[in-house]
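The values are calculated or read from the model by the stated rules, or taken from the named source; none is laboratory data. Everything numeric in this text was worked out from a predicted model, so none of it was measured. Ideal geometry is used to build each Cβ from the backbone, glycine not excepted, and the neighbour counts take in all protein chains shown. With ligands, DNA and RNA removed, areas are computed over all heavy atoms of the protein, side chains included. Shrake-Rupley method; radii C 1.70, N 1.55, O 1.52, S 1.80 Å.
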Amino acid sequence: MNTQGKVFKYPDNVDTDVIIPARYLNTPDAKELSLHCMEDIDTEFVKNVKTGDVMVAGWNFGCGSSREHAPLVIKTCGTGCVIAKSFARIFYRNAINIGLPILECEEAAEEINQNDEVKVDFDTGVITNLSTGKTYKAQPFPPFIQNIIKSGGLLKSLKEGENNG
Amino acid sequence: MGMTMTQKILAFHAGLENVVAGQLISAKLDIVLGNDITTPVAVNEFKKAGFDKVFDKDKVAIVLDHFVPNKDIKAAQQSKTCREFACSHCVSHFYDVGKMGIEHALLPEQGVVTAGDCIIGADSHTCTYGALGAFSTGVGSTDMAAGMATGMAWFKVPPAIKFNLTGELPSNCSGKDVILSIIGMIGVDGALYKSMEFTGEGVKNLSMDDRLCICNMAIEAGAKNGIFPVDDVTLEYLSGRSEREPVVFTADEDAVYEKTIDINLSEIVPTVACPHLPENTHPASELSNIKIDQVVIGSCTNGRLEDMEATFKILNGNKIAQGIRCIIIPGTMQILRECVQRGWYTAFIDAGAVVSTPTCGPCLGGYMGILAEGEKCIATTNRNFVGRMGHVDSEVYLASPHTAAASALTGYITEFKEA
């Protein structure tokens, strides 16, 4: 599995209220919600994002609320992957559970710039900045989490476990 | 190697003798919680995955609190989804309008959560129940769905930071000033993935409402959970309230902590977190030039009885400053009833405030006090992110009920001083 696309760069502490403001959370519809993704800090994101594009951010991405709507709207917009220096823990869990690929890599998050073209290989954790030619190696997931991702999310992995058990 | 209090609770629920930080475990759950925003997503996932019954109808709690009484048609649809699910699965802890409260004020009050529990909730402030000596953490809707289906959740055993509390709080401070001071000190990711374990001889001087408030905002430091030891204050609170027998876990003498931070409670001052991060803290006394438009006193952080009492003592017989909107939201119906019975409700109205039925409403910019462009609000809530309470160019200042009520009387951020 991999993704390739243009980079949207964000700062430290991007919180779930800016990823998807709570004022829209009167619906669980991901498509409808995704029209407002990032709008409080970047009104251009939804207009410009294309399938496979990559978000790159600083420390503590996804802090704040437990709303699963946050990784869901990022994924629904077409974002192929989020690379950050670190993720807030509930966001990290939610991203795995709904199948949004995320990678922690401090060096890549520091050096990759807005509008760079990057390629990400999830199996190896290798991030290639095609605009500069530089490659980075992200921390791979532990096998337990890889299994959840391979199954297509937490509930599917539980159902698989039920069927196998 | 010794275990922290959190690690001991997790080991017990995983059926293991010992666990170490970093270990992945699967643990049995005592309560799985959701609200009117997160439950509909969980219900959808639950059904999509083909599950047809909840693991235990007495161990699922669904609280309608964010947008109820329904703020609009879409919110009404979400409440309806929750109601139908709760009804069809005979969920015994289902709280609808008239019975509901803000979930993290409600569940401890009703005795649904207790010491020694392992709890997940699809709401980030689920970490509140650590005040009772439980392991409790926020998760997303898919985890809630999996928890409802299987009664289990996976966790990575967290390392811990120990907060050694000494002394006693000044009378114009509360748990809110303690936790804001700590977040100011360690930052919004200062406890990322970790437990915040509060201990020391100062613990006995903190009321249960203070402890609930402190644990509530552990997530604002990125923590997995916050937790207090079980003492006489805890047992007295749980007595006659707790549905299940409390189980007391204590940290091992040789438990390993990543670091220890000493907090002298007597040195805490009234503290305010300025926009747009909870770590951006300053003493209230240094912010007296900041003019406000609105005051909100309530939320899962500060909508409890002691918060209402502090507000009453400051507002009673006084008038809210000209041009200031003051919104008071008791956390549960029981707290609201107490406010009525004790005459506080009348005092709030006489001061020029409005009082709402319990709701998360304004805290997350839902309704019941949304800010316009350029407006400033001092609130006893928990987040001051960009656009959190309304317009993207509005501002939220986080503070204690003492500071918020005192500010309501002057129209500027004001440190409360006893007369």
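Descriptive notes on the structure:
- Principal axis box of the stretch B:137-270, alpha-carbon based, largest edge first, Å: 47, 37, 31
- Pairwise centroid distance, computed over Cα atoms, of the stretch B:271-286 with the stretch B:290-307, Å: 15
- Debye log10 I(q)/I(0) for the stretch B:251-363, one point scatterer per Cα, at q = 0.17, 0.18 Å⁻¹: -0.95, -1.02
- Restricted to Cα atoms, the protein assembly as shown shows a radius of gyration and a Dmax of 22.7, 71 angstrom.
- Over chain B: helical MRE at 222 nm, DSSP H runs n ≥ 4 each giving -39500 (n - 2.57), nearest 500: -8500 deg cm²/dmol
- Percent of beta bridges antiparallel (DSSP, the protein assembly as shown, rounded to nearest 5): 30
- For the stretch B:354-415, GluC sites (Glu not before Pro) meeting the loop criterion (DSSP other than H, G, I, E, B) and having at most 16 other Cβ atoms within 10 Å: B:Glu373.
- Whole-Å distance, taken between Cα centres, linking the stretch B:118-158 and the stretch A:46-64: 26
- The Rg/Rh ratio for the stretch B:110-193, using Cα coordinates for both the radius of gyration and the Kirkwood hydrodynamic radius, is 1.02.
- B:Trp154 exposes around 20 Å² of accessible area when a 1.4 Å probe is run over every protein chain in place.
- Neighbours of A:Thr76, meaning other residues whose beta-carbon lies under 11 angstrom from its beta-carbon, give a summed charge of 0 when Lys and Arg score +1 and Asp and Glu score -1.
- Bins of 10 Å, starting at 0 and running to the largest distance - Cα pair percent for the stretch A:11-118: 16, 53, 29, 2
- For the stretch B:5-264, taking the reciprocal of the average inverse distance between every pair of different Cα atoms yields a Kirkwood hydrodynamic radius of 18.5 Å.
- The Cβ shell under 9 Å around A:Ser151 holds other residues with a net charge of +2, Lys and Arg each +1, Asp and Glu each -1.
- Peptide A:24-33 shows a mean partner chain C-beta count of 5 within 10 Å per residue C-beta.
- With every protein chain in place, chain B: carbon and sulfur % of accessible area (1.4 Å): 50
- Cβ-defined net charge surrounding B:Ala21, 10 Å radius [Lys, Arg +1; Asp, Glu -1]: +1
- When the stretch A:107-165 is reduced to its Cα atoms, the Kirkwood hydrodynamic radius in Å: 13.4
- Span from the the stretch B:358-419 Cα centroid across to the the stretch B:213-259 one, whole angstrom: 29
- Accessible-area composition of the stretch A:2-139, carbon plus sulfur, in percent [1.4 Å probe]: 47
- Loss of accessible area when A meets B, both sides summed, Å² nearest 100, probe 1.4 Å: 3700
- Inter-chain shielding of B:379-386 (mean C-beta neighbours from other protein chains, 10 Å cut-off): 4
- Long hydrophobic helices in chain B, taken as whole DSSP H segments with a C-alpha length of 24 Å or more on their own axis and mean Kyte-Doolittle hydropathy at least 0.0, are absent.
- The stretch B:1-63: chymotrypsin sites (Phe, Trp or Tyr not before Pro) in DSSP loop, at most 13 other beta carbons within 10 Å: none
- Over the residues of chain A, the helix contribution to mean residue ellipticity at 222 nm works out to -8500 deg cm²/dmol, using -39500 (n - 2.57) for each DSSP H run of at least 4.
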